[in-house]
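Scroll down for the structure; my scribbles are underneath it.
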Amino acid sequence: MRPREWLLSLLFVAVIAVKAAEAIFGLETWPLSNVPMFAGYVPRMVTPLRVTLVGTRDGTSWFALSAYDLLLSQDEYERRLPTDARALAAGCGELGRLYNAGRPPSARLVGLYGRIDRVPRPGVPGGPSEPASTVVTCLLSPPSGR
Amino acid sequence: MGRRLLAGWRTYWFRPASLADLAIARILVVGILAYLDGTTRFLRVGGVSPQFWKPIEIVHGLGIGQPSVETMARMAEATVVLLVAVGLGVFTRVALALLLVLQLLQEALLNSLGKVSHGTLPLMYALLFLVLSPCDRAFSLGAVWRRARAAGRGALEPPVRRSRFARWPRDLLFIEIAAYYYLAGLSKLRYAGVRWIDGSSLQYYLLQKATGPGLWLAAHPTACAVLSAMVLTFELTAMFGVVRVLRPVVLAGGALFHLGTWVFMDITFWPVVALYTVYVPWRRLATWVARWTGFATRPLDLLYDGGSAGSRRLVSVVRDLDLARRVHLVDVAPHGDPQPAALLVRGPDGRTLAGYDAFRRLAWALPAAWILVPLLYAPGVPSLGRRLHAGAARRRAAAAGLDRGA
């Protein structure tokens, strides 16, 4: 083999070695990844939960906040919406305040709540047969007393 | 044994392949990146609230803070300039290297908003491999210019259309793409085990994503189990595509897989699927179309003066653009009379055209020049072209007369 072929062969081996290392050691530091998307096992009895933030600017008409409203991608937005009611109540107010920051008063939220919907699983005996929701209030002004 | 292995390795990676296919891969990667990035994809990195800024390790390690919108806009502009340069083949390798660095930086910054995505990693690998390959030897203005200059200085060399180093970038990129799927399959086995195929996990994710088709599918647990098994089988067998004859099967499986995730979960990963186009045998396809349509069977004689540097340069450019290999070059200089018209074209009907009309006839015959054809018929352009050609011919005749006088 010629020198250039040897050098390129080293590159090929290095790339394959990186892929092997990602697999063997489960590396997960960008740009390395063992591509674990949707890899977790979710038993049938675990109920899917969907979280929505619903806000109002005038106290009468309510709308669902989207990832775009906060300049986030859908995945980034969902990461900030915990499915635990207490955690959601603790964090959703901050999202509301970030939404309001930099907006004129007329475009600011005056009310915001988080809704956690339980999604029934088809074909699961004993699971919730009807959708159930939990609603938490989001504080649009920072908590006082601290 | 070792020698045979080495010979096999060398044959696999370094058997000559089409430089045109590699150059098309370069143009495709540029097209995918241009469509993906646009001028706005990374802008929100500077626009989001600082509370959302969660630098990943590499960004934190480099001490990079959240950039401003203006900085991101400047980076986007630089990216566009580099993409154009790489696409046209101007300072291609340098532009590719700069593009790789800039793209990696922007991707790292975008991944610092709380969610790390790996959907564009195969594109980054594609850029890296192209930087190190002779992807600038075909379909590149720089290469056309270099060859034309060399032709002007000396004898016209036949164009190199194949190279030992034209095969490996696409093969190594396939390993990266296949590893992407294989690692995803392996992760499922690592974190969930074989029970992942019972469909329970897929049903859960479908209900969370809540698309119309996804909710329909989630209502059929057996179908979820069958699809889960198919997904895992595809992911764990994607590496078989390293054997080239099996590659189309793996890519077809991948296309179906992504179609499924798009329809049922609204997850596209389209940049990865778009990279599949790199594996279309474009040159063979073009040759087949040219033959099937009869385009390639109507040859054109191009009569040129091999003693003239200008003619040699022109012929070099024509040869670069002659993808269907229709043009038959005839050097008339060894047979005596140099052609002051510089360009004579003889069609299959025996009709000979000179000057601007020959140029226009040639544009019809060269697929890479078709984009110019409408312009060549635009009002005013033919008369201007004929006048320019006549002037150039007069100057050449005068120069030839001076040469003879000397």
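Among the numbered conditions (1) open to solvent by less than 60 Å² (accessible area, probe 1.4 Å); (2) part of a strand (DSSP E or B); (3) within 7 Å of chain B (Cβ to nearest Cβ), the only one that A:LEU72 does not meet is (2). Cβ-Cβ distances below 9 Å connect the following pairs, each with a first residue in the stretch A:38-66 that is within 11 Å of another protein chain (Cβ to nearest Cβ) and open to solvent by 50 Å² or more (accessible area, probe 1.4 Å), a second residue that is assigned to a strand (DSSP E or B) and not aliphatic (A, V, I, L, M), and a separation of six or more residues or different chains: A:ARG50/A:ARG115; A:ARG50/A:ASP117; A:ARG50/A:ARG118.
Yes/no per residue for (1) closer than 29 Å to B:GLU235 by Cβ; (2) open to solvent by less than 20 Å² (accessible area, probe 1.4 Å):
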position	(1), (2)
B:SER112	yes, yes
B:ARG137	no, no
B:VAL160	no, no
B:ARG167	yes, no
B:LEU186	yes, no
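Looking across the stretch B:211-241 at every residue that is open to solvent by 40 Å² or more (accessible area, probe 1.4 Å) and within 11 Å of another protein chain (Cβ to nearest Cβ), the one that is nearest to the chain's Cα centre (by Cα) is identified as B:MET239.
Taking the numbered list (1) open to solvent by 40 Å² or more (accessible area, probe 1.4 Å); (2) in contact with a strand residue (DSSP E or B) (Cβ under 6 Å, 6 or more places away or on another chain) in turn, B:ARG326 passes all entries but (1). The one condition from (1) open to solvent by 50 Å² or more (accessible area, probe 1.4 Å); (2) over 21 Å from B:LEU28 (Cα atoms) that B:LEU285 does not meet is (2).
Of everything in the stretch B:78-89 that is under 14 Å from the mean Cα position of the chain (by Cα) and aliphatic (A, V, I, L, M), the residue that is surrounded by the most Cβ atoms within 10 Å (Cβ to Cβ) is B:VAL86.
Meeting the requirement of 1 or more residues that are modelled with pLDDT under 95, the helices (runs of 4 or more DSSP H) wholly within the stretch B:1-65 are B:2-14, B:19-37, B:44-47. Of the candidates A:GLY102, A:GLY91, the single residue that is more than 7 Å from chain B (Cβ to nearest Cβ), surrounded by fewer than 18 Cβ atoms within 10 Å (Cβ to Cβ) and outside any loop (DSSP other than H, G, I, E, B) is A:GLY91. Does A:GLY96 satisfy the condition of being of a type outside the set (Ser, Thr, Tyr), more than 14 Å from the chain's Cα centre (by Cα) and under 27 Å from B:SER117 (Cβ atoms)? Here the answer is yes, as A:GLY96 does meet what is asked.
Flag: A:ALA64 does not match the condition of being at pLDDT 95 or above, among the aliphatic types (A, V, I, L, M) and under 26 Å from B:GLY61 (Cβ atoms). With the condition kept exactly as written, say whether any residue in the stretch B:124-146 is assigned to a helix (DSSP H, G or I), under 23 Å from A:GLU78 (Cα atoms) and in contact with a Pro (Cβ under 8 Å, 6 or more places away or on another chain). No: zero hits. Of all the residues in the stretch A:5-31, those that are facing another protein chain (nearest Cβ under 9 Å), open to solvent by 50 Å² or more (accessible area, probe 1.4 Å) and over 21 Å from B:ASP171 (Cβ atoms) number 2. Go through the stretch B:67-112 and give me each residue that's in a loop (DSSP other than H, G, I, E, B) and free of Cβ contacts under 8 Å to residues at least 24 places away in the same chain. Passing the criteria: only B:SER68.
The values are calculated or read from the model by the stated rules, or taken from the named source; none is laboratory data. Keep in mind it's a predicted model, so treat the numbers as computed, not measured. For neighbour counting, all protein chains shown are included, and Cβ atoms are generated from backbone atoms with ideal geometry for every residue, glycine included. Note: areas computed on protein heavy atoms with side chains; ligands, DNA, RNA excluded. Shrake-Rupley method; radii C 1.70, N 1.55, O 1.52, S 1.80 Å.
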